[in-house]
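What follows is a set of notes on a single structure, which appears directly below.
The values are calculated or read from the model by the stated rules, or taken from the named source; none is laboratory data. Given the structure is predicted, the values throughout are model-derived calculations rather than measurements. Neighbour counts are summed over all protein chains in view; Cβ atoms, including those assigned to glycine, are modelled from backbone coordinates with ideal geometry. Ligands, DNA and RNA are excluded from the accessible area calculation, which covers all protein heavy atoms including side chains. Shrake-Rupley method; radii C 1.70, N 1.55, O 1.52, S 1.80 Å.
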Amino acid sequence: MKIKYRLTINFSILVVGIILIFSFSIYVFYLKHRHEDFLIRLQNKAINTVTLLNTTPFDKKLLKIIDHSSVTNMDDLTVIILDSLKKIEYTNQELSKISKSIPIFQKLDWDKKSNLAFNKKMFVSLPYYYQNKKFYLLASAGDLYGDAELQQLLIIMLIVFIFSLALVITAGFLNAAQSLKPIKDIIMQVDEI
C-alpha cells in the first residue's frame, strides 16, 4: 500500500473516531435532557391538575374536559390525584383504564419524587402539599415531542456524519499528498543524478 493512502486512512480513522465520540456525547446528553424535561412537564401537569381541583368552585367533570381537550404533546396522559389516605380523589381517565397502570405505579415510592420508564411511557409519583392538605400525585404519559425531536437529531447527526466522512477523506488525501510532495521531489532529484 502506498504511503499516501496509508496516511489518508490513518488520518480518516482518527478524525472519524473523534466525530463519533462527539456525536455519541451529544446524543447521550440530549437524551438525558429530554428525559429530565419530560419529567418536569409531567410533574407540572399533575401539580396543575391538583391546583385546579382544589380551586373553589371547580367541577371534576369540567376538569376532565379541560384535560382531554388540552394539547400537551404527551401520549396517553394519565393523571391520578390521591388524598392523604391514598384514596382516588380524581383521575382524568376511566377507572377501567387506570387499573392497568396501577401495578406500575405501585413500583414507585409515593412518599418522595420517583419515576420509572416502562413501555415507552414515563411514570412519576410525588407527594404534594396544597392548602395544608397532602396529596399523592401520579402521572404517566409517552413523550411524543421528545421522541420526534430525538429522531430528528439522529437524522441530522447521520447526514452530518456522512458529509464529514467525505470531507475528512478528501482532506486526508490532499494532506497526505501535500505532506509527501517534498519527499517525492527529493526522490525525483536522486533519480536524475
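A few remarks follow.
- Residues of region 43-63 classified as within 29 Å of the chain's Cα centre (by Cα) and at pLDDT below 75, total: 0
- Qualifying residue in region 77-99 (condition: under 28 Å from residue 31 (Cβ atoms) and of a type in the set (D, E, K, R)): no
- Tabulated pairs, region 177-189, first within 20 Å of residue 8 (Cβ to Cβ), second open to solvent by 100 Å² or more (accessible area, probe 1.4 Å), C-beta under 7 angstrom, 6+ apart or interchain: 180/3
- Residue check, residue 118 open to solvent by 50 Å² or more (accessible area, probe 1.4 Å) and of a type in the set (A, V, I, L, M, F, W, C): yes
- Test: residue in region 161-180 that is modelled with pLDDT of 85 or more, closer than 21 Å to residue 30 by Cα and either exposed (fewer than 11 other Cβ atoms within 10 Å of the Cβ) or not polar (S, T, N, Q) (or both): yes
- Only one of the listed residues (92, 132) is at pLDDT 80 or above and open to solvent by less than 80 Å² (accessible area, probe 1.4 Å). That residue is 92.
- Filter result for residue 81 (within 30 Å of residue 181 (Cβ to Cβ) and surrounded by 13 or more Cβ atoms within 10 Å (Cβ to Cβ)): no
- The condition of being basic (Lys, Arg) and either closer than 23 Å to residue 135 by Cβ or in contact (Cβ under 8 Å) with a residue 40 or more places away in the chain (or both) holds for only one of 100, 32, that being 100.
- Total residues in region 95-114, condition within 24 Å of residue 145 (Cα to Cα) and open to solvent by less than 70 Å² (accessible area, probe 1.4 Å): 5
- Of the helices (runs of 4 or more DSSP H) lying entirely inside region 1-118, those containing at least 3 residues that are of a type in the set (Ser, Thr, Tyr) span 3-53.
- Against the test of being in contact with a helix residue (DSSP H, G or I) (Cβ under 6 Å, 6 or more places away or on another chain) and open to solvent by 30 Å² or more (accessible area, probe 1.4 Å), the options 37, 59, 75 yield a single qualifying residue, 75.
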